[in-house]
Each structure stands twice: as C-alpha cells, then as structure tokens.
1. Being without any contact (Cβ under 8 Å) to a residue 24 or more places away in the chain and at the interface with chain A (Cβ under 10 Å from one of its Cβ atoms) is the filter here, so list the residues in region B:123-161 that pass it.
2. Just need a number here: residues in region A:183-216 that are part of a loop (DSSP other than H, G, I, E, B), touching a residue at least 24 places away in the same chain (Cβ under 8 Å) and crowded, with 17+ Cβ neighbours inside 10 Å.
3. Out of curiosity, is B:L80 more than 8 Å from chain A (Cβ to nearest Cβ), under 28 Å from A:V166 (Cβ atoms) and of a type in the set (A, V, I, L, M)?
4. Quick test of your reading of the structure: A:P153 fulfils all but one of (1) under 19 Å from A:P231 (Cβ atoms); (2) over 10 Å from the mean Cα position of the chain (by Cα); (3) crowded, with 22+ Cβ neighbours inside 10 Å; (4) not polar (S, T, N, Q). Name the failing condition by number.
5. Of A:Q105, A:Q60, which residue is open to solvent by less than 90 Å² (accessible area, probe 1.4 Å), within 14 Å of another protein chain (Cβ to nearest Cβ), among the polar types (S, T, N, Q) and in a helix (DSSP H, G or I)?
6. Considering only residues that are at pLDDT below 85 and under 17 Å from A:S156 (Cβ atoms), which ones fall in region A:203-228?
7. Quick one: would you say A:L88 is open to solvent by less than 90 Å² (accessible area, probe 1.4 Å) and either more than 30 Å from B:L21 (Cα to Cα) or away from every other protein chain (no Cβ under 14 Å) (or both)?
8. When only residues in region A:223-277 that are among the polar types (S, T, N, Q) and closer than 17 Å to A:G151 by Cβ count, which is most open to solvent (accessible area, probe 1.4 Å)?
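The values are calculated or read from the model by the stated rules, or taken from the named source; none is laboratory data. Here the structure is a predicted model, which means the values were calculated and not measured. For neighbour counting, all protein chains shown are included, and Cβ atoms are generated from backbone atoms with ideal geometry for every residue, glycine included. Ligands, DNA and RNA are stripped out before the accessible areas are found, and what is left, the full protein with its side chains, is counted by its heavy atoms. Shrake-Rupley method; radii C 1.70, N 1.55, O 1.52, S 1.80 Å.
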Amino acid sequence: MDALSQQQKLTQSPLFRFILLQFICLSLMMADKNSQLTQPIRQGLSWVAMPLIKVVDWPQKIYQTVEIAITRQAKLIDENNALKQELLDIQLKAQRNTTLAAENQRLRDMLNTARELPMNTSVAFVTDIAQTQKRQHVVINQGQADGVYLGQPVLSLAGVVGQVDVLADHYAHVIVITDPAHIIPAEILRTGLRTLAYGHGDGLQLKEVPISADIQAGDVLITSGFGNRFPRGLTIATLADVSVSAERDFQVANASPGVALNQLTEVFLVWPEEQSP
Amino acid sequence: MRPNRRQQALVHLSLLISLLLTLIPWPATVQLFMPQWTAMVIAYWSLHDHNRSVMLLAFFYGLMLDILMGGLLGKHGMALVALSFLMLKSAKQLRMTSFWQLLMMVLVLLFNDLLIRLFIDWVSYGYLPTWQDFLPLLSVVFIWPWLHYLLDRMNSFLRHR
C-alpha cells in the first residue's frame, strides 16, 4: 500500500495538510479583509475565471442574437419610429439644457463658486451570472484593465446603481445600493436635507431624519456628493412612506430605487475627476 | 499510469462543470434551492480518489469560487478543505457503508460546509443567517445519489479501459 511507502512523514499526513491549508485560507481572508495585498492573487486567478464567465454568458448572447434575427420586420419599423420620436424629444431637451448650463456657469462665475467638474463615463454590460453570495452584487464586463477602480460609482439611465466592490482584471463586482451593508450619502431634492440612505434588501431606508424635518412620501432622493464617492445630484430613489421610529427619536423613511436593479443590462461607469482610463 | 492520468482529467472536468453549474443564472426561487455543486463533487472525489491531493484541489477550486462570486478570498477554500479533510478521514469506512448512511454523512458534511461559510459571512460583515440559507440541503438529498452514480460509472469506465 502507498500508506506504508509514505513512511509516515509529517508533511504527508492529511492532518498536517489540513492545518496548513486552513491557515493559508485564514491569512488570505484576513489580508483580503484588511488590505489590498491579495489583489495580485485575485488578478492571477481571474484569468482562469474569465473563460468560465464567458462560457456561461455565451448562450445568452446567442439567444439575444437569435431573438433579433427572428423579430418581425414590422415590429422593428415600429420600434425604430418610436425611438426616432424619443430622440427628437431628447435633443430638444438637450438644447434647452445647453443654454441652462451656460447660464448656470455664468452665475457660478459671478458667485466665485467651484465649477462643476465634467464627468467621464463609459458603458459596461452586466454579465448575467448567478451569485450565491449573500450580497447583492452584479458583475460587469470591465475591470482594472479598463481603468475601473475600487469604489467607483456605477450608474444607469434611471439613477445610481452602486459602486465597484471587488475588482479583477477584466470584470468587476458591483455592490448595489440596496445591499444591507451599503450606505450612500443622500440629499432630499425638495428641501436640501442631507442624510444617509441605508440599503435595506429591496429598497433603501433613511433612519436618521430629525422629527422636525420636512419630508414626505414622493420626495426624490439625490446623491449629496459627500464622501467624494458619488458625484452630486444623481437620482437615487423616491420616498415611499415616512413614519416615526419605534423609539420616537427619528423619522424613518423607506425609499424605492428608480432603477430596476435585478433587470440591469447595461450600466455607466463614471470617473468623477480627471481619472479617465 | 495512463488510466490514472485520465482519471485526473475526469476530476478536473467534473470540478469545472460544477463551477459552471453554480454560475448559471436561474429564477430566484430555483436559486434558493441551488445545491453546493462544487462541494458535492469534492466530497465524491475525497471519497474515491486514492491519492491525497484532493485537499489541494479543494483549496484551489475554493479560491476559484471566491473569485467568481466576488467574496472574501479563502472563504469557500476554507469550507471545502474542511469538507474534504473530514471526508478523507472516514473514507475507508464510508466506502463500505450503506447508501442511506453515506447520504446522511454527506448531508452532515455539507451542512458543516454551509455553517462555515455563514460563520465567515457573520464575522466579516455581520450577515445574519435566515432559514432559507439551509434550503440547498433539501435538493442535495435528491441530487447526491445521481451525481454519485454518474461519477462512479464514469470513473470505473476509465479505470477498466
């Protein structure tokens, strides 16, 4: 038997191996939690992980292509007309916007306040892979090689999606604003009241609004720009209901995000300062 | 030597397929019942592989799972290494036992695997487990016998060729 030929060497015993590997795992976890030391390992292994993600993503791509090929032409023409109409509307709005922006800039110059920094954006597609993690993550198809950095804000057309949480070379995990571990500095558009919006599973929750503050259902939440993560003035959610907390010391409000967070297909990455890729 | 190498290929292939199975997106209700594919395959190979490198495999594929799931590096690794160690220790007895006893043992070990991961989640970001987290064990009861049978057939086919 091979057990005899091993001569009972210590390094060959399963117990030794077990303890060694557990120790490695433990130190990896501690390093990963507290610092960026494990980032090279992550990137190295992500080269092996990338093909797996591609393989899972591939049938869905084929499905989409086939769906487009099969869709009847009449339907496509209808869709095309609708899109043209929408484009016209948006162009009109954009034209008004340019004059407003110029006016805003002049006023800001007169008041000597800081200029609004231009934002660099790039589009990333959401890779549809299952997440058995107990966190609300979406995986996007851009990573460190595309200039993505940890903590980078991620948006969609309807509002804020979240921020980059785990980074690999060619993909990244984005933590969604409704994750219970996520907190975003927010502001109420109507009154300018600043507070924090905690992730709450399906929606967001404001836990620390003073009793005297004026908030009501239907108020729009925007990012306040505090903490220098998210640029100011992006839509987050609308308040669904407002109540007083059990201890009667704060008002508690629930908000539902404007983005359908489980139906994302594409998102925008934002470089708030001149950190373009 | 040659069949041994083929067997190695089968080990890696089955583990890669188990990774893919965990990645495939399902509706949320099905996702709740998703069994721990990689853990089951690791359990099978710790039971039947005669060289002792399964623990290293468990470690490596655990890290892969962590990378793919974007979790804490080493979380799945720790759970899978523990699973394969416990399985290896009692492999000789387990190979002899009846179907039901083996199934019970696998269930207990997979439960342990879940517990380790939930504990790490709790320590690292204060996640509180809910009863839904244990639903995968139900589907393990149905899937393990088939998986065991399938891998057994392929394994013996390769060995006797």
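1. B:V123, B:Y125, B:G126, B:Y127, B:L128, B:P129, B:T130, B:D133 - these are the residues of region B:123-161 that are without any contact (Cβ under 8 Å) to a residue 24 or more places away in the chain and at the interface with chain A (Cβ under 10 Å from one of its Cβ atoms).
2. The total comes to 1.
3. Details: more than 8 Å from chain A (Cβ to nearest Cβ): yes; under 28 Å from A:V166 (Cβ atoms): yes; of a type in the set (A, V, I, L, M): yes.
Yes.
4. Failing condition for A:P153: (2).
5. Values: A:Q105 fails: within 14 Å of another protein chain (Cβ to nearest Cβ).
That would be A:Q60, the only listed residue that is open to solvent by less than 90 Å² (accessible area, probe 1.4 Å), within 14 Å of another protein chain (Cβ to nearest Cβ), among the polar types (S, T, N, Q) and in a helix (DSSP H, G or I).
6. none
7. Numbers: open to solvent by less than 90 Å² (accessible area, probe 1.4 Å): no; either more than 30 Å from B:L21 (Cα to Cα) or away from every other protein chain (no Cβ under 14 Å) (or both): yes.
The answer is no for A:L88.
8. Here the answer is A:N228.
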